[in-house]
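Undergrad: I have a structure here, written as structure tokens, and I will follow up with some questions on it.
None of the figures in this text is laboratory data; all of them are computed from the coordinates on show. Every value quoted in this text rests on a predicted model; they were computed, and no experiment measured them. With ideal geometry, Cβ positions are generated from the backbone for all residues, glycine too; neighbour counts draw on all protein chains shown.
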Amino acid sequence: MNATTQLTDKVKRRKTRKAKLKKNERVMPTPRLARMHERRYGSAIKNAIREQKRIVMRLYKNGTIKQVSQNIAPIFVATAAAKAWLDAQKAAKHMVRVVNGNHSMAFSAATKNTIGIDLKSLIKNEGLTDIMKTTINENVQMIKDLDESTQRRITRTINRAFVEQTGKTEDLRQELLKAFDIGYNKATQISRDQTQRFFNSLNRYRQQSVGIKKYMWITSKDNRVRDTHKANARKVFYWSSPPVTTGHPGHDYNCRCTASAVIEINENDS
């Protein structure tokens, strides 16, 4: 048994610190991410790909395969890439600002409904600013990577058609459209994963900022929920001890689960 195997077995054996809901504890209503933010962010990411598609299909329509092959690279560099960079920054900043505002209102309303007090004043802005900056930087890089991978995919498709000189012109058109569809699908995946991941990061930060130590795992309750996440449903965990197989809600890629805060209620408050 090598060192890597031993380490893996050790992690599997490590017990997650679980908790049970006590009589004087209440589960706070779960803040939910409005799906429109995810869709709008996805649409904003796709704008850069739409700009590429407009340029490429215009070249394809007005020129030969040879002319398209010769002109595609410099045109991408001069126009689409530069615009995509600006669009990426704008889209990421807008997503972060809107989602943060959405969570802030939902969290304030949930705490007030649960304990009768709005805990918003206890949350430090410094930590929120760090989370927002990190999310913006990571998302800008993802959008740039998506933009560049789409450019490479389109360039390879055109150059291959020029070199091989096989097939009909319509075949190249279909290949180009297929390449753009891959970019669109990836943009949808990025928007879904990143908006939910950011929302869950805000949820954790705001809960811990006001002294909340535990949460109840809430799933999306549909057939797309992973089996490992279903196993966590309605169970209570400590923020200091994430579930070994899944991490906290939002840790796994495209996880739509959320963490409902567990709040201790004093007898005098009930």
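Undergrad: Once the Cβ-Cβ distance between Asp222 and Val163 is put in as r, and R0 is 45 Å, what FRET efficiency do you end up with, to the nearest 0.05? Before the final figure, lay out each step's value.
TA: Working: r = 47 Å, r/R0 = 1.04.
E between Asp222 and Val163, to the nearest 0.05, is 0.45.
Undergrad: Taking the highest mean first, how do the peptides 210-223, 180-193 order by number of other beta carbon atoms within 10 angstrom per residue? Could the numbers behind the result be given before it?
TA: Values: 210-223: 16.4, 180-193: 17.9.
The densest-packed peptide leads the list: 180-193, 210-223.
Undergrad: So, one more: For Ala261, list long-range residues whose amide hydrogen, built 1.01 Å from N in the peptide plane, is under 5 Å from its own amide hydrogen.
TA: When sequence neighbours closer than 5 places are left aside, the close amide H contacts are Met28, Met216.
Undergrad: Run the numbers for Lys23 and His94: contour at 0.36 nm per residue of separation, minus the present Cα-Cα distance, in nm. Mind dumping the intermediate values first?
TA: On the way: separation 71, 0.36 × 71 = 25.56 nm, distance 4.18 nm.
That pair, Lys23 and His94, stretches by 21.4 nm at full extension.
Undergrad: Which of Tyr205, Tyr41 has the fewest other C-beta atoms within 10 Å, and how do the rest follow up to the most?
TA: Numbers: Tyr205 17, Tyr41 26.
Listed from fewest to most nearby Cβ atoms, that is Tyr205, Tyr41.
Undergrad: Starting from the 7 Å offset along Cα-to-Cβ, what nm value, one decimal, do you get for the label separation of Lys120 and Arg32?
TA: Inter-label distance under the simple model: 2.2 nm.
Undergrad: Right, another one. Applying 1/(1 + (r/R0)^6) with R0 = 30 Å to the Cβ-Cβ distance of Asn113 and Asn185, what FRET efficiency is obtained, to the nearest 0.05? Before the final figure, lay out the partial values.
TA: Working: r = 39 Å, r/R0 = 1.29.
The calculated FRET efficiency here is 0.20.
Undergrad: Taking θ as phi - 60°, what are the ³J(HN,Hα) couplings along the range 200-205 by the Karplus curve (6.51, -1.76, 1.60), each to the nearest whole Hz, with x for Gly and Pro?
TA: Ordered by residue, 3J(HN,Hα) equals 5, 5, 5, 4, 5, 4 Hz.
Undergrad: In whole Hz and in residue order, list the ³J(HN,Hα) couplings for the range 103-116 that follow from phi through the Karplus curve 6.51 cos²θ - 1.76 cosθ + 1.60, θ = phi - 60°; x for Gly and Pro.
TA: Values, residue by residue: 5, 4, 5, 5, 5, 4, 5, 5, 5, 5, 5, 7, 10, x Hz.
Undergrad: Could you list, in their original order, any pairs among Lys20/Lys186; Lys186/Lys221; Lys22/Lys133; Lys90/Lys230; Lys46/Lys230 whose Cα atoms are separated by more than 30 Å? Show your work: numbers first, answer last.
TA: Details: Lys20/Lys186 40 Å; Lys186/Lys221 25 Å; Lys22/Lys133 37 Å; Lys90/Lys230 36 Å; Lys46/Lys230 32 Å.
Violating the 30 Å limit, Cα to Cα: Lys20/Lys186; Lys22/Lys133; Lys90/Lys230; Lys46/Lys230.
Undergrad: Please work out the FRET efficiency for the pair Thr129 and Gln174, using the Cβ-Cβ distance as r and a Förster radius of 45 Å; give the result to the nearest 0.05.
TA: Result of the calculation: an efficiency of 0.45.
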